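Enquirer: First the structure, then my questions, so here it is.
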Amino acid sequence: MERVKALELHFIHFLAPGHMIPLCDIATLFASRGHHVTIITTPSNAQILRKSIPFHPHLTFHTVPFPSQEVGLPDGVESLSSATDGDNLVKVFHATTLLQPPIQSFVENHPPDCIVADFLFPWVHDLANKLHIPRLAFNGFSLFAVCAILGAKPNPSENSLLFPNLPHQITINATPPESLTQFLETMMETALKSHGLIVNNFAELDGEEYIEHYKKTTGHKAWHLGPASLVRKSIQEKTERGHKSVVSADDCLTWLNSKPDRSVLYICFGSLCHFPDNQLHEIARGIDASGHGFIWVVPEKKGKEEESEEEKEKWLPKGFEERNREKGMVIRGWAPQLLILNHRAVGAFLTHCGWNSTVEAVTAGVPMVTWPVHGEQFYNEKLVTEVRGVGVEVGATEWGSIGFGEREKLVSRECIEKAVRRLMDGGDEAHEIRRRAQEFGKKARDAVREGGSSYNNLTALINDLTRLRDTRLLHVN
Ligand code: UDP
């Protein structure tokens with residue numbers, strides 16, 4: 001049989017862990033099938049990626065300079081998650097727009113057969129058209145969330161969102177900031193003009209009903225290729241994703257190994273959520289009252305060397321550390337989330353419902369206590385709780401923006417304790433939710449195996465891109 005010539009693909013990731021990690025994991029999927037992949041990135045992100053993503057001889061990096069001086073950022077701050085305050089966040093965002101000329105110049109000089117780019121770089125649309133090559137869009141969302149975003153109808157009198165046309169009857173008791181709705185609408189408009197949407201999920205979790213709904217309402221094709229995190233096999237690949245971990249894999253595993261099965265609640269709010277001290281204080285009180293073991297990831301106080309005792313007491317109740325020396329671990333900074341979630345000692349995940357965290361928990365078969373904060377997280381919560389039944393809600397109703405500001409509505413210690421107990425105390429309801437979570441975990445792992453849904457989707461996508469490439473070459477020659 002004639003061997004098919006390998007495809008050349010360029011991947012352009014956005015500068016935030018929640019976008020960079022899954023898209024680069026997906027890039028390795030193409031490389032593992034023998035295709036030539038170039039990840040276009042910036043110097044400090046390249047350093048992290050080189051160390052952590054699985055090695056493939058066909059996977060290379062092209063780095064473009066990060067415009068630190070132009071935007072006034074210190075060297076090395078090249079991700080939204082490294083920003084130390086709101087001002088820095090804006091600067092990182094601004095810097096991403098300045099990446100267009102060097103990326104464009106590289107792509108024009110080395111045109112691939114396909115560009116896979118984050119939807120936050122809408123200019124890639126014109127670039128791909130100019131080069132007559134297909135572009136695939138990636139936004140890091142579940143397809144369920146995309147359907148919800150496109151079908152949401154605000155109900156201002158109730159401060160809620162309704163979805164009259166979705167396959168499930170859902171109501172969200174919060175409304176997104178107007179700026180977010182407009183921003184997502186604009187970005188989705190260009191994404192829908194792409195050759196297809198790459199989704200870091202497996203078809204079984206979004207469900208055929210939402211895949212059909214998307215196709216029917218948009219006429220656009222979605223390719224489910226995930227869960228992307230399953231490409232990471234070694235402890236190192238699972239530990240150093242996005243940032244350097246502040247605890248070693250060894251320390252973390254030793255601690256978890258000493259705990260009974262399903263006795264530890266894992267708490268983490270992703271890479272961009274910075275709760276004020278009073279909210280952290282409520283979390284501490286809530287988990288204390290639940291009496292369960294925990295690993296609690298608290299973002300480090302950015303830009304500060306050591307935290308004084310006085311500062312610490314603003315968010316951590318007096319005596320908390322002493323009381324929980326045995327059964328709790330507070331990780332101040334980046335944690336090896338994949339390692340933790342996949343440990344037998346973890347019984348539930350208190351999560352902000354960032355899509356990566358959500359699909360990572362499902363893949364590990366871990367049920368969730370859901371606490372959405374910003375972005376598309378409120379949609380993900382509904383998929384987890386009401387649609388697939390693999391989690392319970394903490395009762396968050398404040399749909400904020402990414403940032404460092406105060407929050408108007410605190411989630412109380414009582415709500416936290418109650419939701420945590422619903423999953424961690426055991427009982428019929430918890431048992432049933434855990435059973436479903438484990439069932440989806442198995443489906444997730446099956447999806448990426450040879451013959452599984454994501455595996456087959458990748459084959460079909462590669463065939464499709466090969467056909468497009470060959471047709472184009474036929475016309476050129
Ligand atoms: N993550 C991690 N350690 C941390 C915080 C986050 O490994 O301490 C990873 C997490 O596993 C996920 C990503 O960073 O892959 C965060 O993406 P998500 O979509 O969950 O949330 P975001 O950070 O975009 O809000």
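The values are calculated or read from the model by the stated rules, or taken from the named source; none is laboratory data. Not measured: the values here are computed from a predicted model. Methodologically, a virtual Cβ is constructed for each residue, glycine included, from the backbone with ideal geometry; neighbour enumeration extends over all protein chains shown.
Enquirer: Taking region 326-335 only, how many residues are within 11 Å of the ligand (Cβ to nearest atom), in a loop (DSSP other than H, G, I, E, B) and surrounded by fewer than 22 Cβ atoms within 10 Å (Cβ to Cβ)?
Expert: Going through region 326-335 one residue at a time, the tally reaches 1.
Enquirer: Among what's in region 340-356 and is within 17 Å of LYS238 (Cβ to Cβ) and within 9 Å of the ligand (Cβ to nearest atom), pick the residue that is surrounded by the most Cβ atoms within 10 Å (Cβ to Cβ).
Expert: Among them, the one singled out is ILE340.
Enquirer: Cβ-Cβ below 8 Å, separation at least six or inter-chain, first residue in region 436-452 and farther than 27 Å from LEU423 by Cα, second among the acidic types (Asp, Glu): which pairs?
Expert: Correct list of pairs: GLY452/ASP446.
Enquirer: Quick check on region 179-189. Is at least one of its residues at pLDDT 95 or above, over 20 Å from the mean Cα position of the chain (by Cα), assigned to a loop (DSSP other than H, G, I, E, B) and away from the ligand (no atom under 16 Å from the Cβ)?
Expert: The answer is no; no qualifying residue exists.
Enquirer: Do we have LYS193 as among the charged types (D, E, K, R), more than 27 Å from VAL394 (Cα to Cα) and touching a Leu at 6+ places or on another chain (Cβ under 9 Å) here?
Expert: So LYS193 fails the test.
Enquirer: Among the candidates LEU23, LEU73, which residue alone is surrounded by 15 or more Cβ atoms within 10 Å (Cβ to Cβ), touching a strand residue (DSSP E or B) at 6+ places or on another chain (Cβ under 8 Å), closer than 30 Å to GLU300 by Cβ and not β-branched (Val, Ile, Thr)?
Expert: Values: LEU73 fails: touching a strand residue (DSSP E or B) at 6+ places or on another chain (Cβ under 8 Å).
Residue meeting the stated conditions: LEU23.
Enquirer: Output the number of residues of region 235-263 satisfying the condition of being more than 17 Å from VAL366 (Cβ to Cβ) and within 15 Å of the ligand (Cβ to nearest atom).
Expert: Summing the residues that are more than 17 Å from VAL366 (Cβ to Cβ) and within 15 Å of the ligand (Cβ to nearest atom) in region 235-263 gives 15.
Enquirer: Of the residues in region 384-435, how many are under 29 Å from LEU89 (Cβ atoms) and free of Cβ contacts under 8 Å to residues at least 40 places away in the same chain?
Expert: So the answer is 5.
Enquirer: Another question, if that's okay. Any residue at all in region 212-227 that's within 15 Å of the ligand (Cβ to nearest atom) and at pLDDT 95 or above?
Expert: Among the residues of region 212-227, at least one is within 15 Å of the ligand (Cβ to nearest atom) and at pLDDT 95 or above, which makes the answer yes.
Enquirer: A further question on this structure: Is there a residue in region 133-144 that is within 16 Å of the ligand (Cβ to nearest atom), over 21 Å from LYS193 (Cβ atoms) and either assigned by TED's automatic domain parsing to the domain that holds ASN380 or assigned to a helix (DSSP H, G or I) (or both)?
Expert: yes
Enquirer: Here is a list: LEU256, LEU265, LEU272. Which entry is within 30 Å of PHE14 (Cα to Cα) and aliphatic (A, V, I, L, M)?
Expert: On the way: LEU256 fails: within 30 Å of PHE14 (Cα to Cα); LEU265 fails: within 30 Å of PHE14 (Cα to Cα).
Going through LEU256, LEU265, LEU272 in turn, just one is within 30 Å of PHE14 (Cα to Cα) and aliphatic (A, V, I, L, M): LEU272.
Enquirer: How about region 368-393: which of its residues are part of a loop (DSSP other than H, G, I, E, B) and within 16 Å of the ligand (Cβ to nearest atom)?
Expert: Result: TRP371, PRO372, VAL373, HIS374, GLY375, GLU376, VAL390.
Enquirer: I've got another one for you. Step by step: first the residues of region 442-452, then only those that are farther than 18 Å from VAL37 by Cβ and crowded, with 20+ Cβ neighbours inside 10 Å, then the one that is farthest from the chain's Cα centre (by Cα). Which residue is that?
Expert: ALA447
Enquirer: Taking region 264-293, which residues are more than 14 Å from PRO317 (Cβ to Cβ) and within 16 Å of the ligand (Cβ to nearest atom)?
Expert: Across region 264-293, the qualifying residues are VAL264, LEU265, TYR266, ILE267, CYS268, PHE269, GLY270, SER271, LEU272, CYS273, HIS274, PHE275.
Enquirer: Answer with yes or no whether GLU307 is more than 16 Å from the ligand (Cβ to nearest atom) and either surrounded by fewer than 20 Cβ atoms within 10 Å (Cβ to Cβ) or not assigned by TED's automatic domain parsing to the domain that holds VAL411 (or both).
Expert: So GLU307 passes the test.
Enquirer: Hey, does region 347-359 have a residue that's assigned to a loop (DSSP other than H, G, I, E, B), touching a His at 6+ places or on another chain (Cβ under 7 Å) and not assigned by TED's automatic domain parsing to the domain that holds VAL90? Please lay out each step first, then the result.
Expert: Going residue by residue through region 347-359, those that are assigned to a loop (DSSP other than H, G, I, E, B) are 352-354.
Restricting the remaining residues to those that are touching a His at 6+ places or on another chain (Cβ under 7 Å) gives none.
Looking through region 347-359, none of the residues is assigned to a loop (DSSP other than H, G, I, E, B), touching a His at 6+ places or on another chain (Cβ under 7 Å) and not assigned by TED's automatic domain parsing to the domain that holds VAL90.
Enquirer: In the set SER194, SER229, SER245, SER271, which member is touching a residue at least 60 places away in the same chain (Cβ under 8 Å) and in a helix (DSSP H, G or I)? Please lay out each step first, then the result.
Expert: Working: SER194 fails: in a helix (DSSP H, G or I); SER245 fails: in a helix (DSSP H, G or I); SER271 fails: in a helix (DSSP H, G or I).
Result of the check over SER194, SER229, SER245, SER271: SER229.
Enquirer: For LYS409, work out the one condition from (1) assigned to a loop (DSSP other than H, G, I, E, B); (2) modelled with pLDDT of 95 or more; (3) touching an Asp or Glu at 6+ places or on another chain (Cβ under 6 Å) it doesn't fulfil.
Expert: (2)
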